[in-house]
């Protein structure tokens with residue numbers, strides 16, 4: 001089997017293994033942590049002082065925020081946003097390099113994904129709080145449509161091409177941007 | 001910085017990111033109607049047609065499909081349009097001829113459209129027979145898998161349409 005085909009197949013299988021672990025064990029406490037940090041950013045972002053509300057069902061993939069300045073509760077559905085952790089880890093762990101590099105790459109991926117989730121959740125909360133139909137809506141659509149979706153691929157391009165001597169070309173027996 | 005990877009580790013990723021942002025901004029500002037509402041209506045009509053072939057009881061009104069137990073409203077996010085943007089950025093960023101890039105767009109956008117229709121058919125099946133699975137497929141499964149499909153289609157394009165596959169086979 002060609003290395004690239006084996007890589008994609010391994011990536012899909014790994015995603016199928018990682019997904020239930022993420023969805024049923026880790027997502028809930030993770031969302032609480034993300035929500036707590038996004039609420040804390042209310043001190044500097046336009047949605048103002050915020051706190052976590054307990055009004056969402058456990059496992060729903062949503063975070064509820066009490067926005068004190070707006071005197072209302074806003075529910076942000078982040079389930080599809082945070083799920084990009086799954087393909088991100090699957091791509092890194094399926095890459096045929098030494099396991100030590102994969103583990104370091106996966107840890108770095110987790111950190112970058114975490115920052116992207118804080119950014120995306122804060123953007124969506126901002127958009128929902130102000131019912132914006134201009135720039136913030138554009139930023140919101142870009143964030144959950146392009147940024148969050150493309151992040152696993154973008155990270156993997158950078159990580160895989162810089163983590164081994166042959167770059168992606170060597171890893172997958174194909175050429176990537178050797179001419180610039 | 002010590003370079004341990006390819007000669008220009010960041011260049012491909014950098015161009016990819018830039019192209020994705022520029023494409024999105026251009027789309028957000030100037031997209032003609034056939035790329036927005038047109039794609040939504042096309043997706044809804046093809047899905048309805050496919051479902052009717054299976055004998056499913058479903059009706060369509062503009063971009064809304066009505067099932068016995070629920071309605072499915074097709075919005076831009078449901079069309080695979082954003083995945084097409086990402087694929088397009090991959091193809092444009094990769095150093096290859098204009099002709100192969102054009103073929104790449106035809107092949108990749110068509111492939112993503114077909115994969116997305118399969119996803120919508122799975123969603124419709126859930127809407128008809130397993131309502132409890134609907135949110136699971138809608139919110140999670142596509143997000144977990146689609147980028148791997150995009151990458152897979154891109155690998156096929158690089159291998160089949162850019163001539164790199166021949167070089168690889170010749171040296172392997």
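The values are calculated or read from the model by the stated rules, or taken from the named source; none is laboratory data. This one's a predicted model, so the numbers in the text were calculated from it and none came from an experiment. Heads up, the Cβs are rebuilt from the backbone with ideal geometry, glycines too, and the neighbour counts pull from every protein chain shown.
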**Asked** With respect to the numbered conditions (1) more than 9 Å from chain B (Cβ to nearest Cβ); (2) part of a helix (DSSP H, G or I), which one is the sole condition not fulfilled by residue A:156?
**Response** (1)
**Boolean, residue B:104 is in contact (Cβ under 8 Å) with a residue 12 or more places away in the chain, under 21 Å from residue A:82 (Cα atoms) and touching a helix residue (DSSP H, G or I) at 6+ places or on another chain (Cβ under 9 Å)** = no
**Prompt:** On the given criteria, is residue A:177 outside any helix (DSSP H, G or I), surrounded by 18 or more Cβ atoms within 10 Å (Cβ to Cβ) and at pLDDT below 85?
**Reply:** yes
**Message:** Can you name every one of the helices (runs of 4 or more DSSP H) wholly within region B:68-172 that holds 2 or more residues which are within 12 Å of chain A (Cβ to nearest Cβ), over 12 Å from the mean Cα position of the chain (by Cα) and closer than 21 Å to residue A:94 by Cβ?
**Reply:** B:142-161, B:164-171
**Message:** Every residue in region A:14-44 that is more than 9 Å from every other protein chain (Cβ to nearest Cβ) and touching a helix residue (DSSP H, G or I) at 6+ places or on another chain (Cβ under 8 Å), please.
**Reply:** A:14, A:27, A:30, A:31, A:34, A:35, A:37, A:38, A:41
**Asked** When residue B:44 is evaluated against the numbered criteria (1) crowded, with 19+ Cβ neighbours inside 10 Å; (2) touching a helix residue (DSSP H, G or I) at 6+ places or on another chain (Cβ under 8 Å); (3) farther than 30 Å from residue B:160 by Cβ, which criterion, by number, is the only one it fails?
**Response** (2)
